Amino acid sequence: MSSALAALYPQHLATVRERTDKALALGGFDHLVVAAGRPIVRFLDDTYYPFAVSPHFKHWLPLIDAPGSWIAYTPGKKPKLVFLQPRDYWHVVPEAPSGYWVEHFDIVVIREPAEAAAHLPDATRSAIIADDNVRLDGFAPSATAAVMDYLHFHRAFKTPYELALMRIASERGARGHRAAEAAFRAGKSELGIHMDYLGAVGQIDAELPYASIVGLNQHGSVLHYTNFDREPPRPSLSFLIDAGAGASGYASDITRTYASPQAQEFQALIDSVEAAQQSFCAQVKAGLDYARLHVHAHHVLAEVLREHGFIRMSAESAVASGVSAVFFPHGLGHGIGMQVHEVAGFQESEIGGFIKRPDGHPYLRLTRTLAPGMVVTIEPGIYFIDMLLAELKEKPEAKDIDWARVDAFRKYGGIRIEDDVVCTAGEPENLTRDAFGQVAA
């Protein structure tokens, strides 16, 4: 795969440079300076949070473990990497840069963070992308909205190189999900399932793109459940896992829900959500208004709720009254790439602007119209969340709910099924389904 990445990388870098040239011109800057970032010290402690490289840094090159390093770029010139390789016997020192990308950079190795300043262009003429933790005198964040809006808007459109890395991340994630399902079937605890997932993916928690959600039974109703019980429930009826993997800084984001053999009524509901989810994935095409797809998903899932006997109202009434949002309280999905929730999900154009969410849908993370190269998640769900159900019970619509049926499903928690899908000039590419097809069951 490295040879394929090597072949794709030069065009990717050319695209990044072209976009940067235009962004700098819009902002009136001569140079771009990007900090990799620095580890952050825990409050009142002498240990650090796990290091996470800036997405703007790893957009240029596949270097995700280079704290204290910098990229400097001037249009028309070869980009420069100022690489921090400290003298340090307390920690593992980053290895000298190597690989298919190094020939495309002028590389300077420094030993102390402060040495970087001597190798960077004039800060007063540079758009500096860094956080407030950068700690380099004279190089505070300075990139303006004109620069950031342009870069963020176009980052939604992935290059073939980026898509290749996302396929690798998807395959790793699918391998982990296969192992997690097997661990659930074997009766393991949430922690045991998670450990099997990590082993199959070959990454530790800090290397994953986000904290894994591993919920058995009613824990599946907690949208961001990350507690990891040490003992399995008795019986273990249902399992929801939302977990991804990384590849050179690019993410996969995958969710699956499973039922035990004694939970056939829940399996039937999973099957209906699965069918709906696949119909939404098939609609990921150029020109699609993602916000409209989200609202459409509410109507489809409301019909699923009606068909399975949870509500007695029409799908239209369920959506208009907010009942569908009780059972499906989050967005249909979001952009994904170097960040799990990719930037500029609401941005109207390359010069800014905001595309508002549909009324009554405050948690949708993407309202843009899709175009080739964009990658989005499609993750509908149906949940039985005690807090939201209690609120619904106090409303007039409560009379149209079969509460006995709802109560019977609380023990299963909920369902979410999520794929990462590429918008192309033709039919969508489902990275997740393709990856599962490549990984033996």
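Report yes if Glu207 is of a type in the set (Asp, Glu) and buried (at least 22 other Cβ atoms within 10 Å of the Cβ), otherwise no. Considered against the rule, which asks whether it is of a type in the set (Asp, Glu) and buried (at least 22 other Cβ atoms within 10 Å of the Cβ), Glu207 comes out as no. State all residues of segment 48-89 that are among the aromatic types (Phe, Trp, Tyr), in a loop (DSSP other than H, G, I, E, B) and closer than 16 Å to Pro10 by Cα; if no residue qualifies, say none. Passing the criteria: only Trp60.
One residue is enough: does segment 406-413 have a residue meeting the conditions open to solvent by less than 40 Å² (accessible area, probe 1.4 Å), closer than 21 Å to Ser272 by Cβ and either hydroxyl-bearing (Ser, Thr, Tyr) or part of a loop (DSSP other than H, G, I, E, B) (or both)? Scanning segment 406-413, I find at least one residue that is open to solvent by less than 40 Å² (accessible area, probe 1.4 Å), closer than 21 Å to Ser272 by Cβ and either hydroxyl-bearing (Ser, Thr, Tyr) or part of a loop (DSSP other than H, G, I, E, B) (or both), so the answer is yes.
Residue by residue, here is whether (1) over 30 Å from Thr20 (Cβ atoms); (2) of a type outside the set (A, V, I, L, M, F, W, C); (3) open to solvent by 50 Å² or more (accessible area, probe 1.4 Å) holds:
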position: Glu348; (1), (2), (3): no, yes, yes
position: Gly352; (1), (2), (3): no, yes, no
position: Leu370; (1), (2), (3): no, no, no
position: Leu388; (1), (2), (3): yes, no, no
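Restricting attention to segment 354-365 and to residues that are part of a loop (DSSP other than H, G, I, E, B) and free of Cβ contacts under 8 Å to residues at least 60 places away in the same chain, the residue that is least open to solvent (accessible area, probe 1.4 Å) turns out to be Gly360.
Yes/no per residue for (1) surrounded by 22 or more Cβ atoms within 10 Å (Cβ to Cβ); (2) of a type in the set (Gly, Ala, Ser); (3) under 30 Å from Leu26 (Cβ atoms); (4) in contact with a helix residue (DSSP H, G or I) (Cβ under 7 Å, 6 or more places away or on another chain):
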position	(1), (2), (3), (4)
Asp131	no, no, yes, no
Ala164	no, yes, yes, yes
Gly176	yes, yes, no, yes
Ile193	yes, no, no, yes
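Among the residues of segment 23-40, which ones are surrounded by fewer than 19 Cβ atoms within 10 Å (Cβ to Cβ) and under 15 Å from Lys80 (Cα atoms)? Answer for segment 23-40, where residues must be surrounded by fewer than 19 Cβ atoms within 10 Å (Cβ to Cβ) and under 15 Å from Lys80 (Cα atoms): just Asp30. Does Pro75 fit the bill of being in contact with a Leu (Cβ under 8 Å, 6 or more places away or on another chain), surrounded by 14 or more Cβ atoms within 10 Å (Cβ to Cβ) and modelled with pLDDT under 95? No. Given the condition out of contact with any Phe, Trp or Tyr (no Cβ under 6 Å at 6 or more places or on another chain), open to solvent by less than 70 Å² (accessible area, probe 1.4 Å) and closer than 28 Å to Ala156 by Cβ, answer yes or no: does some residue in segment 41-52 qualify? For segment 41-52, residues out of contact with any Phe, Trp or Tyr (no Cβ under 6 Å at 6 or more places or on another chain), open to solvent by less than 70 Å² (accessible area, probe 1.4 Å) and closer than 28 Å to Ala156 by Cβ: present. What are the residues in segment 234-262 that are in a loop (DSSP other than H, G, I, E, B) and open to solvent by less than 10 Å² (accessible area, probe 1.4 Å), if any? If the condition is that a residue be in a loop (DSSP other than H, G, I, E, B) and open to solvent by less than 10 Å² (accessible area, probe 1.4 Å), then Gly244, Ala245, Ser252, Asp253, Ser260 are the ones that fit.
Scoring Leu223 on the criteria (1) out of contact with any Pro (no Cβ under 6 Å at 6 or more places or on another chain); (2) under 16 Å from Val340 (Cβ atoms); (3) in a helix (DSSP H, G or I) leaves a single failure, condition (3).
Okay, residues lined up against (1) in contact (Cβ under 8 Å) with a residue 60 or more places away in the chain; (2) open to solvent by 20 Å² or more (accessible area, probe 1.4 Å); (3) more than 21 Å from the chain's Cα centre (by Cα):
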| position | (1), (2), (3) |
| --- | --- |
| Leu136 | yes, no, yes |
| Ala140 | no, yes, yes |
| Thr144 | yes, yes, yes |
| Val147 | yes, no, yes |
| Leu151 | yes, yes, no |
| Ala156 | yes, no, no |
| Tyr161 | yes, no, no |
| Arg172 | yes, yes, no |
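Being assigned to a helix (DSSP H, G or I), of a type in the set (Gly, Ala, Ser), open to solvent by less than 30 Å² (accessible area, probe 1.4 Å) and touching a helix residue (DSSP H, G or I) at 6+ places or on another chain (Cβ under 6 Å) is not true of Ala291.
The values are calculated or read from the model by the stated rules, or taken from the named source; none is laboratory data. Since the structure is predicted, the reported quantities are computational estimates derived from the model, not experimental observations. For neighbour counting, all protein chains shown are included, and Cβ atoms are generated from backbone atoms with ideal geometry for every residue, glycine included. With ligands, DNA and RNA removed, areas are computed over all heavy atoms of the protein, side chains included. Shrake-Rupley method; radii C 1.70, N 1.55, O 1.52, S 1.80 Å.
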